[in-house]
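See below for the structure under consideration.
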Amino acid sequence: MRLLLIGAPGSGKGTQAERLADHFGLTHISSGDLLRRHVEEGSKLGQAVQRYVSRGDLVPDTLVMDALRKPVVAASESGGYILDGFPRTVEQAELARATAKELGVDAQVAVHLDVPREELIRRLLARGRGSDDTEDVINHRLEVYDQHTVPMLDYYAQRAELVRVDGSRSPDEVTKELITELEKVQRSLTL
């Protein structure tokens, strides 16, 4: 199974992706982790990424696609993937779909973790990873998400299976519902 995990910063994508990867035997690919690794290594790609991240802006599509191409193909060849954090815009979704389709690795289902804004802000302030988790930057990141990513949900609702889950509940409750819903999808894919 190949799936996309969509949710605002602080929605629990990383936690749920790891749990779903373990349950379904999939590879968890976090675009954020890949990009952070490039930043930490000081690679040319990482230096370019850092300029956008420090402002709370989205990293350009070409940079993200460069970081993701090899891991997505490798994961597809070894049983499937959960892609967390990309795509984030309709344009990225269209570009990713075209590229993935050429490679035979396009997503089969998109999952949206829906969490109210107040809860997202509370979670992000509590985790406080560093200078990019100030209240101003968090609010900017959530505004960017609302403006660019929320419209993408309609895109996936029209072209693929879209599973929506209330992500404001406890991580265990969210995982349980996700597994139930994705097992249904998995059965329909094998028919």
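The values are calculated or read from the model by the stated rules, or taken from the named source; none is laboratory data. Treat the numbers as computed from the prediction; the structure is a model and nothing was measured. For neighbour counting, all protein chains shown are included, and Cβ atoms are generated from backbone atoms with ideal geometry for every residue, glycine included.
I need a count of the residues in the range 3-20 that are surrounded by fewer than 20 Cβ atoms within 10 Å (Cβ to Cβ) and in contact with a strand residue (DSSP E or B) (Cβ under 7 Å, 6 or more places away or on another chain). Steps first, please.
In the first step, residues of the range 3-20 are kept if they are surrounded by fewer than 20 Cβ atoms within 10 Å (Cβ to Cβ); the result is 14-15, 18.
Now narrow it down to the ones that are in contact with a strand residue (DSSP E or B) (Cβ under 7 Å, 6 or more places away or on another chain): 14, 18.
Total meeting the criteria: 2.
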- Considering only residues of the range 13-65 that are outside any helix (DSSP H, G or I) and of a type in the set (S, T, Y), which is modelled with the highest pLDDT? T27
- Query: Being touching an Asp or Glu at 6+ places or on another chain (Cβ under 8 Å), surrounded by fewer than 20 Cβ atoms within 10 Å (Cβ to Cβ) and within 18 Å of H148 (Cα to Cα), is that true of even one residue in the range 43-50?
  - Reply: no
- Quick one: would you say T99 is in a helix (DSSP H, G or I), within 30 Å of E183 (Cα to Cα) and out of contact with any Asp or Glu (no Cβ under 9 Å at 6 or more places or on another chain)? no
- Item | Residues located in the range 160-180, provided they are in contact (Cβ under 8 Å) with a residue 60 or more places away in the chain and either surrounded by 13 or more Cβ atoms within 10 Å (Cβ to Cβ) or touching a Cys at 6+ places or on another chain (Cβ under 8 Å) (or both) | G167, V174, T175, L178, I179
- Pair list, Cβ under 9 Å, 6 or more apart: the range 49-78 residue under 21 Å from E91 (Cα atoms), other residue of a type in the set (A, V, I, L, M, F, W, C) and surrounded by fewer than 16 Cβ atoms within 10 Å (Cβ to Cβ): R69/L103; V72/L103; V73/L103
